[in-house]
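Take a look at the structure set out below.
None of the figures in this text is laboratory data; all of them are computed from the coordinates on show. Keep in mind the model is a prediction, meaning the values are calculated, not measured. Cβ placement follows ideal geometry from the backbone for every residue including glycine, while neighbour counts extend to all protein chains displayed.
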């Protein structure tokens, strides 16, 4: 057995009390794919794929838990993890076993009915890789194929595990090591396509060149790689993307910093394999750096940033693309979930692909050709007036590239919809979207200079205001919504407001229920036809992950990972301010009577900084903090998924502070030293700023 895989003793863990459609020749391989996975078609009682089925609809045909019975739903079992960061994984269930992952890419296997821990695996992720991660040391889940479980790690490995024991079958390094200055991470879940395991990566904010890679599931041998931006040297990569980049992609870029940064475009989250067309759809990310004038001289659309790509899963060959946000300068990624479905449009049945990316428009495409069929805003949008259906391009609003000064736009860079999954019900014909109502201020940073460590987004960021009236004004524009969207009529059918913007993904079932967790720490079930809340469970910690449902031995269960974190936790004053809490897997069934103990109700008190002085400049420290520290420690040093710096004992001693900030005294915990980019004066300025925040917290009793 691999030394990091642990078979659990019988008492371990915290445990309390379809039919396959007909395929044409083009989809024959896809049909065989489905059959090979279970020995038959996808079993309705399992949740064996990230989106329940390869088409990522997140719809379950199970209906034992329905509008009439959901009031009897109770906790069946739970497991508490040691990881106290954000929990974003979609659990998978196959043959009575539930598999999930936690932060730091650890994997767990449970008896899906009882919660008995069967085994766990710790890949020993390099904690120093956290410095290259945009949004926490999270992991969005595993993939299943045959008798294997696949997980991608934050530090860039793809690992195949034996599904019964957790032993390592093979492990590969997915990172392109030819460019050591590019800092990649992986936070997304792998996907399966025709016996290949496909994985992308993250890091656009830090300066990387995105790509997606397919590996043979049995051996780990690389099958193909597709780069998502051109080769900065102008030469070929020996990759599946060479031909399309030579004939089309490279012509959409001009001279600029992309030749150093790599251009971005990372496939950091969603991919969808459609067996009926035998196409793999890949959603791509934002540009690097953000500022279009710096990145590409303000010229060209910059393919394949913020795009949906259709690739041949066997070879990685290009088939078609649609770019949702050409000339991206706002972090409007198209890496969000893509749902394949069949809709009746103007009296014609169409095989479509649907996406609600960060830019706020809901897109319906012909999934065989990439033709844009419709696009309408599902949230407030000010960066574009409309999407021109003839050209497929946005009609930009004036000044959106902040060429004439700061631009206040909706949505902000957090997006109108991020990675939190939406779901589609063929019964209601509606898509259920966890909408983020966000606003952003975009401005060029005149002091920007590319650095070898940390973020390199090139835009001027500011800490959130501390004035209570200004905080209230910002807070009013940063809320959430559960939206039932009609993709045929391109209009809302109903919505439920949420006080916070960073809520969980959705699940919809044949019981006409929509499940969603929310930032306040609740899991709710709504009537899928009208949005009426029918059931609530107090989870006591924020939920951002999407729920799933499955059936074992005739009983239907609903499961969700509980634990707040991720990008939403970086914006102080507009998310619930909580202490870091251990993550939990919560599993429910009708008649469940288990009880989970409450989390601690009080935050640790602020440290006493009375009489502690600094020779640094807190205003200069605020700017440097935002540039260097806020990606992990949050705005205003107040809310995030790492240490609350207002409560750091190192604040009292400038030498201890330098040992941590410059020399990396806590590198084993993920806090690397920043001596490459910060001076002693910079470090002291940051300390002065954090001291000001600690005094404020001490005065407010926070």
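Computed values, structure above
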quantity: Chain lengthening between residue 147 and residue 63 when straightened (0.36 nm per residue, less Cα-Cα); calculated: 27.4 nm
quantity: Per-residue Cβ neighbour rank within 10 angstrom, fewest leading, 170, 77; calculated: 170, 77
quantity: Paramagnetic reach from residue 493 in region 422-441 [backbone N under 20 Å; point 7 Å along Cα→Cβ]; calculated: 422-436
quantity: Distance cut-off 14 Å, percentage of C-alpha pairs in region 618-700 lying past it; calculated: 60 percent
quantity: Pair residue 469, residue 653: separation of 7 Å Cα→Cβ label points (nm); calculated: 4.4 nm
quantity: Helical contribution to [θ] at 222 nm, DSSP H n ≥ 4, -39,500 (n - 2.57), averaged over the chain, rounded to 500; calculated: -3000 deg cm²/dmol
quantity: Per-residue Cβ neighbour rank within 10 angstrom, fewest leading, 314, 619; calculated: 619, 314
quantity: Alpha-carbon centroid distance for the pair region 226-251 / region 477-512, whole angstrom; calculated: 38 Å
quantity: Region 246-368 - Debye-derived log10 I(q)/I(0), Cα point model, q = 0.10, 0.11, 0.20 Å⁻¹; calculated: -0.32, -0.38, -1.06
quantity: Length-normalised contact order for region 618-700 - Cα pairs under 8 Å, 6+ apart - percent; calculated: 37 percent
quantity: Approximate spin-label separation residue 126-residue 44, in nm, with each point projected 7 Å along Cα-to-Cβ; calculated: 4.8 nm
quantity: Residues in region 377-392 that a label on residue 366 would reach, taking backbone N under 17 Å of a point 7 Å out along Cα→Cβ; calculated: 389-392
quantity: Inter-label distance for residue 486 and residue 663, nm, one decimal - labels placed 7 Å from Cα along Cα-to-Cβ; calculated: 6.6 nm
quantity: Per-residue Cβ neighbour rank within 10 angstrom, fewest leading, 321, 417; calculated: 321, 417
quantity: Using a Förster distance of 25 Å, the FRET efficiency for residue 314-residue 177 (Cβ separation, nearest 0.05); calculated: 0.45
quantity: Net lengthening on full extension, residue 396/residue 476 (0.36 nm per residue, minus Cα-Cα); calculated: 26.2 nm
quantity: Extension gain, residue 681 back to residue 593 (0.36 nm per residue minus Cα-Cα distance, nm); calculated: 25.9 nm
quantity: Sequence ranges 293-305, 387-399, ranked by mean other-Cβ count within 10 angstrom, highest first; calculated: 293-305, 387-399
quantity: Relative contact order computed over region 49-166 (Cα-Cα under 8 Å; 6+ residues apart), in percent; calculated: 22 percent
quantity: Mean Cα-pair separation over length for region 211-285, i.e. relative contact order, pairs under 8 Å, 6 or more apart, %; calculated: 24 percent
quantity: Protection proxy ranking of 244-250, 172-178, 621-627 - average other beta-carbon atoms within 10 Å, highest first; calculated: 621-627, 244-250, 172-178
quantity: Calculated Rg and Dmax of the Cα atoms in Å (choose from [x] 23.9, 77; [y] 26.9, 95; [z] 36.6, 141), label; calculated: [x]
quantity: Gap separating the Cα centres of region 59-99 and region 161-206, nearest whole Å; calculated: 26 Å
